[in-house]
Amino acid sequence: MASVQWHSRCRKYEYEKQMCRLEASAVDISDYHPLKAITVTDSKSRRSVRKGSTSSTSSSSSSVAPDPLSSLLDGTDPLSLFAAASEIPTVPHSISAGELGRKRKDKEEEEVVGSDFEPWSCKRGEILSRFTTTEKLSINLFMGSDKSKASSPSSAVSEKVRTRLEELDDLEEGSQRELLNLSQQDYVNRIEELNQSLKEAWGSDQKVKALKIVIQCSKLLSDTSVIQFYPSKFVLITDILDTFGGLVYDRIWSMCAEPHPLPDSFSADDVNDTAKETCLNWFFKIASIRELISRLYVEAALLKCNCFLTKTGIQETLQRLTAMIRGIGDPLVAVYARAYLCRVGMEVAPHLKDSLNKNFFDLLASFRRIHGDSVQNQLALQRVEIPVYLTLYSPAINWILQCVAYRAPEVLLTEMMERCKKLGNNALLLNSVMWAFRPEFVATRATDFIGMIKDCDEAGFPKHLLFASLGRSVSCADPPESERLSVLNEAWKVITKVRSPRDYMSCAEIWVEFTCRNFSKREVNTVLADIIKHMTPDRAFEDAYPQLESVIKKIVTYFHDFSVLFSMEKFLPFLDMFQKDSVRVEVCKCIMEVFIKHQQEPTRDPVILNALLHICKTMHDSVNALTLDDEKRALALLVNGFIRMVSFGRDFEQQLSFCVEARATFCNLEPVIVHLIHTVNQLAMETNRVMKGSHSRKTAAFVRACAAYSFITIPSLTSIFSRLNLYLLSGQVTLANQCLSQADAFLKAAVSILPEVPRTISIEGKQRSSEPFLLDFINNFLSMLLVVPDHPEQGVLYLVRGLLNMVQDYTWEDNSDAKVRVYISALPLLAAMSQENYLYTIPKVDSNETLYGGDPKFIAEINKLCETLIGQVLDHLKGLGRDDGVRRQGGLAFSLFGCLLAHGDVRNNKLNQLAANLWNLSHKHGFCDTRTSVRTLEHIKQQAQLSEMSHLSDLTTRLSLQSVA
Amino acid sequence: MSVSLDIRLKRANKVYHEGELLSGVVLISSRDALQHQGVSLSMEGLVNLQLSSKSVGVFEAFYNSVKPIQLVSSNIEVVKAGKVPAGKTEIPFEFPLQAKGNRVLYETYHGVFVNIQYTLRCDMRRSLLAKDLSKTCEFMVHSQPQKSKMQLNPVDFTITPDTLQNRTSLPKFLIRGHLDASTCVITRPLTGELVVENSEVVIKSIELQLVRVETCGCAEGYARDATEIQNIQIAEGDVCHGLSIPIYMVFPRLFTCPTLETTNFKVEFEVNIVIVLHDDHLITENFPLKLVRV
C-alpha cells in the first residue's frame, strides 16, 4: 500500500442534486394528516368513556387505528375512570347533600372575608420589624436600663437575671418573679420558650399548667413599661393565645368526633354532653380569673369554643367582651385589647359587624384619654415623646378600622369619618382612616383630607406620616381629575417643609408614585429636583438608598418612553445620588431591565443613547476581579440588550462609531465584545445587502473598516473558541464583501492561533476535552476554504497546507485519532477543489476554479496532497494494527473507505484496490457495524446501476460481508 | 394483677334532682379473672358543719364540730360473691334519689364551715389475701326550681365620700351604678353597670368580691362567718370617666348554691364592690344577694 495515486472523482453537482431530490407525490390531505387521526380517536374514546361503560371502550378502540395515545385514553386513564365512577351514586345521599351544604357555606364565608382582606399574618411581621428593628439599638438599651429603673422600687433586691431552668421552676410553682435586664432578644426568646412549654404542657395532659402559662402571659400585656416595645409584645403574646385557643378548640372538637366526626357546619345540638361539659368547665375556670386583662384575653382566645354550647354564644360573648374593655384604664392597652378582639371576631364570626363598630365607637368615646394626665405622667417617666407614643397606636387602630371598613357601605364610612372629625386632635385617627379605608374612598375626598391634615396639631402625630398615608391611598386610586394638581401642590407644600431627611424621604417616596401616575414629566422632574435638594446636604442620601431606589423603580414603571424619561433634567442628577457602588449598579440594572422589556423599536435618540451608555458604563465599571461569573453574565445580557436596541438606520458609519465607543466602554465584559463583533459583521452584511452586492468605493472602504474593527477586537477575547469562530465568521463576512486580503488575514490569524488551543477547556465549571470542539471548528474551516482563492504571492493551496501543517504540529491527545480524522475530512475538500465547477461560490469573488481553470498542474498539486494525506492515514492505520487499536482501526478504515468511494475516482485500479483493502481491513476484526456495511454495499450496488458509475459493479464483487457468520 | 374499679354516671355533668334516678355503671377492669365476695354500692348525702375558730375557741372548734346531718343514705348489693371474668366488666345500676324521712335534699355546696356533699361509693369485698377495693365519686344535686314568682329587685347605688361609714378625709369622687338584680338566678351571671363620674384621685382597680356568709347554730348560740369566694377585677387602672363599665360575674359552681336557710344552718351570699385607690385605699360597698334556681 505504499504509494497511492489519487484521482478525484468528477462530480456533476447539478445532476446529483436532481437525483437526490425527493419524488413529489400527491398528498390527499383529507386522510393523510398524521395529527388528524389522533384527534379523531381521542374524541371517540372519550365519548365512549363518558357513557360510563368500561367494557364498550375496548370495542371502540378496536374500531380506530392502533394509536398509542388513544389506547392510553381507553378506560385506563385515571381521570376518565374517576369521572365514570362519580356517575354511580355510591355515596349516601344524605352525606353528599351535607357536603353540598358545606360547600355552599364555604362560599358564603368566602364572601364575608375574601382575599382582599389583608390578614393579620401580614401585619404581624410588619409590626414586629417596625417596633423592634428600626429602633433596635435604642430599645435594647432602654429595655435594660429602663426596666430596672421602673421596677426598682418594688424589687430592689432582685436585679439578677435568673437562669432559664429556674424560670421554668417558677412556672411550676406558680409564683411570679420578675425577670430583669432582659434584652429584647432575650424577651422574644423567653416568650417563645413559654409558647413551647405551653405546647409541652398540653401534650403531656397538664391542662391546668397550660392555662396557668397562658394567664401569666396575658398578664404581661397589662404592663406598659418600655412602652415602645408594646406593639411587638402584643404580637408575641397573642401568638401564644392563638396557640392556646387552637389547642382547646381542637381538643373539644376531637371529643365530639367520637361516633362520627362533626360536619364542618355543625350546630350546638350535634355536640355531645361530655364535650359540652368540658367546654363549660373551661369557661367557668376562665370566668374566675382575677385579673381583668388576663380574663379578657383568654376568653377572647377561646371565643370560637362558644359554638359548641349555643348558637348565639359567640355574638353575646363578643358584645360582652367589647363592653368589658371599657374597664381597662390604660388607653394603649385598651386599644390593643380591642384590636385582638376584632381580630378574633373577624376570624371566628366575620359576619358580626356590630361588635366591630361598637369597638370603634367605644374607642372614640375614650379617645381623649390618650392625652390624659396619667398617660402624660407615664410618658414623662419613660421619657417618650408624644409623636412616638402616638405612632404606637397605629397598628391597633389601623387593624380595627380595617376590620370595620372591610366591605362596609359608603354611608358607614362617611359616618365614621364625621365622627373622627369631631374629635379634637384627631391626627392619629385620621391616619388610620386613610390607612384602613378603601383607597377609592380616600382618594375621592383627597382635598378634604388635606384640609383636615392641615388643621391637625403640630405637636401631636407626625404630619409626614399623615401625608404618607394619604399618598398611599391616592397612588392606588385616582382622586377626581380636577383636584389632582391641587392635591399634589398642597401635599408637596407640606412635604417639602419636612426637616428630617428620613421622614422627608419616606413621604416623598410615596408621593412620587402619585405624581408619576397622574402627571407628566415636568411635575416628576420638579419632584425629583426637590428630592435632590433635600437629600444632598450632609450626604443624607447615604441613609436613604432603599427609598431612593424605590423612587427610581416607581418612575420607570410609569415612564416607559425613555426619551421622555431621560429628557427630565433631574433624572441623571438623581441617579448620581447613588454613590454606593452596589446600590448604584442595582439601580442601573433595574433601569436597563425596564428598558429591554419596554423598548419596542431600535432607537438613535442621542439623549437615550448617552444616558443609557452612561448607565451601562456604570454597570460595566462595577465589574472587577471579584465579580462572580453569573453577575457578569447578567450584566452582559443587559448591556447586549441595550446594544441590540441601538440603530442608526442607514447611517452605518455612525453605527460603527457607536460600536467603537461601546467597545472602549465595555472592554471588561467579554460577551458584550462578542456581541459587538457580531453587530459589526452584521453591519457589513447589511451594507452589502443595501448595495446589492456591488460596493462603491465608499462602501468598500466602510466594510474594510468593519473588518478592521473585528480584526483588532477579536484578539482581546480570552476564550479561544470565541476567537476562532469569530475569525472564521469575520473571514466569511469579509470574503462575502470581496475584501480578499482581509479575509486572508482573518483565516491566517485563525490558523496561526490553532496551536494555542488547550487540550481541555472548562465548560460550565467542568474540565472537558477540547477535541470535539476543535474538530468541529476545523471541519467548518475546511468547508470555508473551498471558496477562498489562493493568494497570488503565496503558493498553491497555501491556506490548506498551512492548516494541515498546524494540524500536524498540534499536540493532540495521546491515543487520539483526531489528527487522522482531520486528514480524512480534508480529502473531500481537496476533491471538491479539483472539480471544474465548484459546489458553491461567493458572488463576485473568483475562487480557485476560475483562477486556475482546472489547470492540470493545479490538479496534480491537489492529487499529490491527497496522496500524502492518504499515506499518513495508512501509516496511522498500520500503527493501530498492533494491540488494542483494532477497533479504532476498523472505524478509521471504514471512514477512509467511505471517503474514497464518494470522492475518489475508483475507476483507477490502485484506488479501487485500496478501497477493497480498506473494506477488508475494516471487517477484519469484526468490529464493524454490520448494518452499516450492508447498507453501504446496497448503496454501492444501486450506484453501480447508473450508467456512468457502472465500474462500481466490479468493485461490489470484491467486497464481501465477512462477518455474517 | 391490676384491678381497677370505677363508677361511671350516665350524665356527663353528674347533676341530679330529687326524685330522679341515679343511673350508671360500675366498671371493673382486670387482666385476669377475679374472685370476690360481693360488690356493693352506697349512696350518701351529708351536711357537714364546722365551727369557726373565730367564733368559738380553737379546741372547742375541734371537738365541738357539729354532728353531720344525713340527708340521704342507701345501700345495694350490685353483684353477689363470685367471679368476674378477665377484661372489662360493666355492671349497670340505678338508685332512686329520695330524701331520708322528711328531710329535704339541699343543693350541693362546698363552703368553709358548711359542706353539702353527695357521694356514691362502691366497695368490692375480697378474700383475706387480697385488699378490698373501693371507689367514691361525688355527684351533684340541684334543688328543685323555685315555683314562686321571682322578683329581680334591682339596686341602684351611688358612692361618694359622704356615703361611706368610717370615712376619713377622702378626696372627692362620685361613682354611680346599678345591679340589674339582687335576687339572682344562680345559673346566670350577676350583671350591672358602674360609672366613675369623677374622681380626684387616680383609681387603681375596681373589683367585685363574692362573699359567702355561713351561719351555724350550736349549743352556745350560733356562729356567723363571712369569707371570700372569689374576686373579679372589672376595671384596671385609671378608667375613663363617664363611661359605663359592665359589672359581670359568673357564679362559680359548687361554691355557690341557692340561698339556704334551715333550722341548723344558713348559707347566704353577698357581693362587695371594692374600689382600690392609687394609694391602696379601699372603698367597699356591700350588697346582699339572694341566689335562686329557676
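Brief remarks follow.
- Number of partner chain Cβ atoms within 10 Å, mean per residue of A:284-292: 5
- Excluding ligands, DNA and RNA, the accessible surface per residue across segment A:498-647 is 47 Å² with a 1.4 Å probe.
- Mean per-residue shielding of peptide B:225-238 is 5, counting Cβ atoms of other chains within 10 Å of each Cβ.
- Inter-site label distance for B:ASN231 and A:ASN805 at 7 Å from Cα along Cβ, in nm: 11.1 nm
- Share of carbon and sulfur in the accessible heavy-atom surface of segment B:3-141 [1.4 Å probe, %]: 50 percent
- Sites B:ASP6 and B:VAL112, calculated FRET efficiency, Cβ-Cβ separation with R0 30 Å, nearest 0.05: 0.45
- The accessible-area loss of segment B:1-50 on complex formation, taken against its chain alone with a 1.4 Å probe, reaches 20 Å² or more at B:ALA12, B:ASN13.
- Heavy-atom accessible area order for A:LEU572, A:LEU754, largest first, 1.4 Å probe: A:LEU572, A:LEU754
- Label point distance in nm, A:ILE532-A:ILE712, each placed 7 Å from Cα along Cα→Cβ: 3.7 nm
- In loop segments of segment A:657-709 as defined by DSSP, the trypsin sites (Lys or Arg not before Pro) with at most 13 further C-beta atoms inside 10 Å of their C-beta are A:LYS692.
- The 1.4 Å probe gives accessible areas that order A:TYR798, A:TYR340, largest first, as A:TYR798, A:TYR340.
- Accessible surface, per residue, of segment A:225-314 when the full set of protein chains is kept, probe 1.4 Å, Å²: 36 Å²
- Only aspartates and glutamates eight or more places from B:LYS10 in sequence, or on another chain, were considered; those with a Cα closer than 17 Å are A:GLU258, A:ASP273, A:GLU277, B:GLU18, B:GLU20, B:GLU90, B:GLU94, B:GLU138.
- Farthest positive-ward along segment A:498-647 dipole, Cα basis, beta-carbon charges - from A:THR627, A:PRO546, A:LEU528: A:LEU528
- Remark on B:VAL195: its backbone amide H falls under 5 Å from those of B:ARG176, B:GLY177, B:ILE245, a criterion applied only to residues 5 or more positions apart or on other chains, H modelled at 1.01 Å from N.
- Distance between segment A:495-536 and segment A:890-946 - C-alpha centres, whole angstrom: 82 Å
- Highest average packing first - A:912-925, B:31-44, Cβ atoms within 10 Å: A:912-925, B:31-44
- 10 Å Cβ neighbours from other chains, averaged over peptide A:656-667: 0
- Pairs exceeding a 18 Å alpha-carbon distance, out of A:LYS219/B:LYS204; A:LYS421/A:LYS497; A:LYS819/A:LYS857; A:LYS285/B:LYS204: A:LYS421/A:LYS497; A:LYS819/A:LYS857; A:LYS285/B:LYS204.
- For segment A:391-423 and segment A:547-573, distance of Cα centres in Å: 36 Å
- Counting only residues at least eight positions apart within a chain, or on another chain, the lysines with an alpha carbon under 17 Å from that of B:LYS14 are A:LYS276, B:LYS135.
- In the full protein context, chain B carries 51 Å² of accessible surface per residue, based on a 1.4 Å probe and ignoring ligands, DNA and RNA.
- B:LYS100 accessible area, assembled protein chains, probe 1.4 Å, Å²: 90 Å²
- Evaluated with a Cβ-only charge set (Lys, Arg +1; Asp, Glu -1), segment A:498-647 carries a dipole of roughly 240 debye about its Cα centre, given to the nearest 20.
- On segment A:498-647, 51 percent of the accessible area sits on carbon and sulfur atoms, based on a 1.4 Å probe.
- Computed across segment A:498-647, the Kirkwood hydrodynamic radius from all distinct Cα-Cα pairs reaches 15.8 Å.
- Interchain or long-range residues, amide H under 5 Å from B:ALA235's placed H: B:ILE206
- Mean projected area in nm² (Cα convex hull; one quarter of hull surface) for segment B:3-141: 10.4 nm²
- Going from the chain on its own to the full set of protein chains, segment A:295-335 has these residues losing 10 Å² or more of accessible surface (heavy atoms, 1.4 Å probe, no ligands, DNA or RNA): A:ARG295, A:ARG320, A:ALA323, A:MET324, A:ARG326, A:GLY327, A:GLY329.
- Solvent-accessible area of A:SER762 with every protein chain in place, 1.4 Å probe, in Å² to the nearest 10: 70 Å²
- Of the chymotrypsin sites (Phe, Trp or Tyr not before Pro) in segment A:652-724, not one is in a loop by DSSP (not H, G, I, E or B) with at most 13 other beta carbons within 10 Å.
- Set A:LYS698/A:LYS844; A:LYS864/A:LYS941; A:LYS123/A:LYS422; A:LYS454/A:LYS553 screened for pairs whose C-alpha atoms are more than 25 Å apart: A:LYS864/A:LYS941; A:LYS123/A:LYS422; A:LYS454/A:LYS553
- From largest to smallest, the equivalent ellipsoid semi-axes obtained for the protein assembly as shown from the alpha-carbon gyration tensor read 94, 48, 28 Å.
- Of all lysines in the structure, the ones whose alpha carbon falls short of 19 Å from that of A:LYS632, not counting any fewer than 8 places away in one chain, are A:LYS580, A:LYS589, A:LYS617, A:LYS766.
- Order of exposure, largest accessible area first, which applies to B:LEU243, B:LEU277 with probe 1.4 Å: B:LEU243, B:LEU277
- Distance between modelled label sites at B:ASN198 and A:LEU379, nm, 7 Å Cα→Cβ extension: 2.5 nm
- The share of accessible area on segment B:155-292 that comes from carbon and sulfur is 48 percent, using a 1.4 angstrom probe.
- The interface between chain A and chain B buries about 2100 Å² of solvent-accessible area in total (1.4 Å probe, ligands and nucleic acids excluded).
- From phi via Karplus (6.51, -1.76, 1.60), per-residue ³J(HN,Hα) for segment A:209-219 in Hz, x at Gly/Pro: 5, 4, 4, 4, 4, 5, 5, 4, 5, 5, 5
- Part-to-part distance (alpha-carbon centres) for segment A:255-316 and segment B:101-118, which is given in Å: 30 Å
The values are calculated or read from the model by the stated rules, or taken from the named source; none is laboratory data. Just so we're clear, the structure is a prediction, and the values are computed from it rather than from any experiment. Because the Cβ atoms are built from the backbone with ideal geometry, glycine has one as well, and the counts that use them run over all protein chains shown. Just the protein is used for accessible areas: all its heavy atoms, side chains included, with ligands, DNA and RNA removed. Shrake-Rupley method; radii C 1.70, N 1.55, O 1.52, S 1.80 Å.
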